[in-house]
Amino acid sequence: AAGVIQSPRHLIKEKRETATLKCYPIPRHDTVYWYQQGPGQDPQFLISFYEKMQSDKGSIPDRFSAQQFSDYHSELNMSSLELGDSALYFCASSRLGGNTGELFFGEGSRLTVL
Amino acid sequence: AQKVTQAQTEISVVEKEDVTLDCVYETRDTTYYLFWYKQPPSGELVFLIRRNSFDEQNEISGRYSWNFQKSTSSFNFTITASQVVDSAVYFCALSEQTGANSKLTFGKGITLSVRP
């Protein structure tokens with residue numbers, strides 16, 4: 001069965017550069033979530049989209065932005081990168097706005113900022 | 001606000017021992033879901049179980065079992081006859097159903113080391 005696809009899996013950037021992470025949800029899933037997991041930390045919710053509209057916002061820095069496109073894939077854009085942005089970024093998807101309680105995670109994109 | 005507490009931070013056991021990972025949660029919602037995820041060193045989040053707030057039946061899956069008790073707001077996870085491959089970080093998580101959103105709140109995670 002198709003899973004949540006994240007790309008790239010690994011990304012190395014310099015400070016002050018920009019990075020874009022992509023997430024392709026499971027087909028027919030209408031909701032996408034982004035999480036950030038710093039080293040030794042638990043995943044922290046950043047932002048979510050339901051039917052291409054932002055549905056909730058967590059601890060996402062102003063330097064980050066995200067959107068969900070007409071094909072339901074989502075992109076997380078991170079600008080003016082800082083060393084502290086080095087983390088594992090997970091995307092998850094669900095259907096019916098998550099009301100089924102089922103949430104599927106991608107394998108994560110590991111961002112390293114040098 | 002919802003909160004998940006995993007009071008144990010690191011547990012070390014010898015292979016074949018049983019081990020229980022504790023999880024206590026706080027929520028004001030009557031409808032919610034509880035999850036356990038395993039994160040091996042490779043980093044991916046491996047889904048283990050989802051339980052909704054209306055289903056208090058305990059569950060067993062092979063060497064894994066879960067004990068959900070609403071009265072104490074706990075959702076504990078037991079691994080029987082642990083194996084080296086069980087070494088990982090285990091997260092308990094809570095999802096509240098608030099409209100079109102079911103974001104997860106994770107506990108801090110428990111690092112389990114199983115020694116041969």
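The values are calculated or read from the model by the stated rules, or taken from the named source; none is laboratory data. These numbers were taken from a predicted model, which means no experiment stands behind them. Cβ coordinates were reconstructed from backbone atoms using ideal geometry, including for glycine residues, and neighbour counts include every protein chain displayed.
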Next on the checklist: Out of A:90, A:64, I need the residue that is within 14 Å of chain B (Cβ to nearest Cβ), surrounded by 15 or more Cβ atoms within 10 Å (Cβ to Cβ) and under 28 Å from residue B:2 (Cβ atoms). Which one?
Outcome noted: A:90
Checklist entry - Which condition does residue B:106 not pass, out of (1) under 22 Å from residue A:36 (Cβ atoms); (2) touching a residue at least 12 places away in the same chain (Cβ under 8 Å); (3) more than 7 Å from every other protein chain (Cβ to nearest Cβ), if it passes all the others? => result (3)
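Residue by residue, here is whether (1) at pLDDT 95 or above; (2) buried (at least 18 other Cβ atoms within 10 Å of the Cβ); (3) farther than 25 Å from residue B:18 by Cβ holds:
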{"site": "B:76", "(1), (2), (3)": "yes, yes, no"}
{"site": "B:85", "(1), (2), (3)": "yes, no, no"}
{"site": "B:97", "(1), (2), (3)": "no, yes, yes"}
{"site": "B:105", "(1), (2), (3)": "no, yes, yes"}
Checklist entry - What is the residue count in the stretch A:3-51 for residues that are of a type in the set (A, V, I, L, M) and within 12 Å of another protein chain (Cβ to nearest Cβ)? => result 4
Checklist entry - Mind checking whether some residue in the stretch A:75-87 is at negative phi, of a type in the set (Ser, Thr, Tyr) and under 13 Å from the mean Cα position of the chain (by Cα)? => result no
Item to check | Index of the failed condition, residue A:110 passing every other in (1) more than 10 Å from chain B (Cβ to nearest Cβ); (2) closer than 28 Å to residue B:38 by Cβ; (3) basic (Lys, Arg) | outcome: (1)
Next on the checklist: Just the residues that are more than 14 Å from residue A:50 (Cα to Cα), hydrophobic (A, V, I, L, M, F, W, C) and free of Cβ contacts under 8 Å to residues at least 24 places away in the same chain, please, taken from the stretch A:61-100.
Outcome noted: A:64
Checklist entry - Out of the stretch B:56-65, which residues are surrounded by 12 or more Cβ atoms within 10 Å (Cβ to Cβ) and outside any loop (DSSP other than H, G, I, E, B)? => result B:59, B:64, B:65
